[in-house]
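Working notes, beginning with the structure itself.
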Amino acid sequence: GAGVSQTPSNKVTEKGKYVELRCDPISGHTALYWYRQSLGQGPEFLIYFQGTGAADDSGLPNDRFFAVRPEGSVSTLKIQRTERGDSAVYLCASSLWAGLGEQYFGPGTRLTVT
Amino acid sequence: GENVEQHPSTLSVQEGDSAVIKCTYSDSASNYFPWYKQELGKGPQLIIDIRSNVGEKKDQRIAVTLNKTAKHFSLHITETQPEDSAVYFCAASSWDMRFGAGTRLTVKP
């Protein structure tokens, strides 16, 4: 079966613009996670969903960041009024159920804010 | 919250030698400890994991050990090969997951 997919693979945007990043989890996985990875660092937790609800959004850096998962499958990470400091690779992962462990990652979206 | 520290940040070994990467964690509630391998331009790939009720786990050339009392866990790679060269991340998790900063492993042929 297919793994986690993310689109676009690369996104270049100008400072102040709005962007949406999409994640398609592994079919049947009920938990979905978003991370941000800066160069030379480990993934940094942003938010996770169990089903449609955001179970923990404590990692979102500020209110410019928002994520949804309306039907419990595909998720969109939304960033408003982008800043140069938002430039990073945004990773999505999914697992069968939150708290069970094994998370499987997508290839990431490289966001560059100019 | 959970804090994971990983050492060393870089590691260079000769092909055939062993490599060891160590991590410590702070939250005693963490009960799941995966290791990921990340190659350039790709997402992290789960290579092995261990749960808090187990002290050691092995899968071919890769093994992981966990000391819950000391809150540290380690990755051991034996008979290293050039294709093992990558960045390795440890993580600790209860409900959400916290990662170490990574170790860049280089295996010289």
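The values are calculated or read from the model by the stated rules, or taken from the named source; none is laboratory data. Predicted, not measured: the structure shown is a model, and the values here were computed from it. Reconstructed Cβ throughout: ideal geometry from the backbone, glycine too, with neighbour counts over all protein chains shown. These area figures cover heavy atoms from the full protein model, side chains too; ligands, DNA and RNA do not enter into them. Shrake-Rupley method; radii C 1.70, N 1.55, O 1.52, S 1.80 Å.
Taking B:Asp84, A:Asp63 and ordering them by how much accessible surface each has at a 1.4 Å probe, largest first, produces A:Asp63, B:Asp84. Here A:Lys11 is the anchor, and the aspartates and glutamates within straight C-alpha reach of less than 14 Å, apart from those fewer than 8 places off in the same chain, are A:Glu20, A:Glu83, A:Asp86.
Rolling a 1.4 Å probe over the protein heavy atoms gives segment A:1-54 an accessible area of 50 Å² per residue.
Ranking A:Phe45, A:Ile26, A:Gln6 by Cα position along the charge dipole of segment A:6-87, where only Lys, Arg, Asp and Glu carry charges on their C-beta atoms, puts A:Gln6 farthest toward the positive end. Across the cross-link table entries B:Lys22/B:Lys42; A:Lys15/B:Lys37; A:Lys15/A:Lys78; B:Lys42/B:Lys108, which are compared at the Cα atoms, the separations over 26 Å belong to A:Lys15/B:Lys37. As a size descriptor, the averaged projected area of the C-alpha convex hull of segment B:14-76 was calculated at 5.2 nm².
How much FRET efficiency would the formula 1/(1 + (r/R0)^6) give for B:Ser18 and A:Arg22, where r is the Cβ-Cβ distance and R0 is 35 Å, rounded to 0.05? Once the sixth-power term is evaluated, E becomes 0.25. Distance distribution P(r), chain B, all Cα-Cα pairs, bin width 5 angstrom from 0: 2, 13, 25, 25, 19, 10, 4, 1, 0 percent.
Computed as a quarter of the hull surface, the mean projected area of the alpha carbon convex hull for the protein assembly as shown stands at 12.1 nm². Here the convex hull built on the C-alpha positions of chain A has a volume of 94 cubic angstrom per residue. A simple charge model with +1 on the Cβ of Lys and Arg, -1 on the Cβ of Asp and Glu and nothing else charged puts the dipole of chain A at about 400 debye relative to its Cα centre. Restriction of the chymotrypsin sites (Phe, Trp or Tyr not before Pro) in segment A:1-44 to DSSP coil positions whose beta-carbon has at most 15 other beta-carbons within 10 angstrom yields A:Tyr18. Here, segment A:1-58 yields an orientationally averaged convex hull projection of 5.4 nm² when only Cα atoms define the hull.
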